[in-house]
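Below is one structure; the comments refer to it alone.
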Amino acid sequence: MAVVRRIQAAVEEAAQEQSPPLAQAIRERLQHWAASISASGLGDEIVVVGKDRSPWLGKGQTGRAVKPDSAEISSALRQGKKTTRISRDRNLLTITAPLFVQGECIAAVEVPIHIEGILRGLTKSRQLIWFYIGLNAFVLLVFGNYLLSKIVIRPIRHLVKTADHFEDIEVFSRVTDTPGNEIAHLTVSLNRMLKRLAENKEYMEAQIRSLEQANQELKEAKEEILHSEKLSSVGRLAAGVAHEVGNPIGAILGYTNLLSAHIKNDEEAADYLARMEDELSRIDTILRDLLDFSRPSPRKPVPIDVNELVSETTSFFSHQTLMTSISLDTFLEENAGMVWADANQLKQVLINLMFNACDAMEDGGRLSIITRRAPGAGGASGLPGQPKECIEISVSDTGRGIQASELNKIFDPFYTTKAAGEGTGLGLAISLRIIEAFDGSIAVESFEGKGSTFTISLNPWDPKHDTE
């Protein structure tokens, strides 16, 4: 680097003289400087290349090979960066640096330095260092192993041997004669610890058993209290609904019976009136189910063809005004099977789920009803006494979905995400109670902004029920 700085100083001196042309003045100054150090042999090795890639000094003027377009010289001329390259096969260190005049790069200098002596010295020093490292490691290993065995390993082995044959009535004996030795202190501490453990072990086990029992009892009591509060609230509401709605529904059913006698010749009107009677009867059944929610009464189920029930329900539902902007698709697996349930109650559950799906698709969407056979509890996990298959009815929508934090609450009585006056929050609670009454279950999967899927799982119909 001293040679590069000296060449830069020579260039600046030639530039200060301002004797035209500048490039010629710099060449002369560099040649004069190179001649002054020719005795060292370094002057013949130095190469200076102008910005036009013409040789100003060194190998280019003696006719020997020079590469003015090399990557190092090009980088120095274009970017003004200094580079260093080591050629190990030639033991040569080459420094390439830009030369500046008034902040402008006008040339690049390449200075080769032979490093054979330096490398030989480094090699010798490295060998010497490795020798001393190996010698020190050997000495430390021998003495360290001796001290470690005497102070730590032997006492610990004795301590482990004693621990393997430890009995509750025994204590660890002192394994060293040195009072201040850490192993001796460890032995004393272990004796105290084991003594405390022996005294408290039985007490701690009794406390743990007591806490586990108390925790289980507390959990069961909490669940019973919550369930009782929900059922009490439903019972109070059911009594009021039955009184206020039940009587008008009964009167309407009576009027429809009277009307049916006057429209016997009008088949279309008679069909509509029959449908009104069916739906009014279903409303009356819902009111009774609401009353039975807190005190459910047993019902006699019958074999129901799942595909037939779904077809009847969707046929009715497709004529609802809220389906104008919603497409209804049904995918019924052939011979999906029959379930043992109450047809009206199961239809009530399906209609409730479809109404909820339509409410979730305010701007329209797609409602899909799917029936299929799927692995049951016995098939999926091998539980004894459980069916290997179950029949599933899925109701899917493309609505707004349900928040993950709300999924564990949607089946609670009176819980609803609808606006005030648009829902009581009883639909899913009653639906779950109905399905569970027939040993079934309802699962829900929902993603915000993508939609929800409610899946009803019921056991296949067993012909043995016909004889019960």
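With neighbours defined as other Cβ atoms within 10 Å of a residue's Cβ, the residues 454, 317, 331 order from fewest to most as 331, 317, 454.
Full extension of the chain between residue 204 and residue 149 yields a length gain of 15.9 nm, computed as 0.36 nm times the residue separation minus the alpha carbon distance. Fewest-first ordering of 313, 256 by other beta carbons within 10 Å of each residue's beta carbon gives 256, 313. Inter-label distance, residue 52 to residue 140: 6.5 nm, where each label sits 7 Å from its Cα along the C-beta direction. Neighbour counting of Cβ atoms within 10 Å sorts the residues 3, 47, 188, fewest neighbours leading, into 188, 3, 47.
Bear in mind that the values in this text are calculations on the coordinates, not laboratory data. It should be emphasised that the depicted structure is a prediction, and the values quoted were computed from it without experimental measurement. Here the Cβ is made from the backbone with ideal geometry for all residues, glycine too, and neighbour counts use every protein chain on show.
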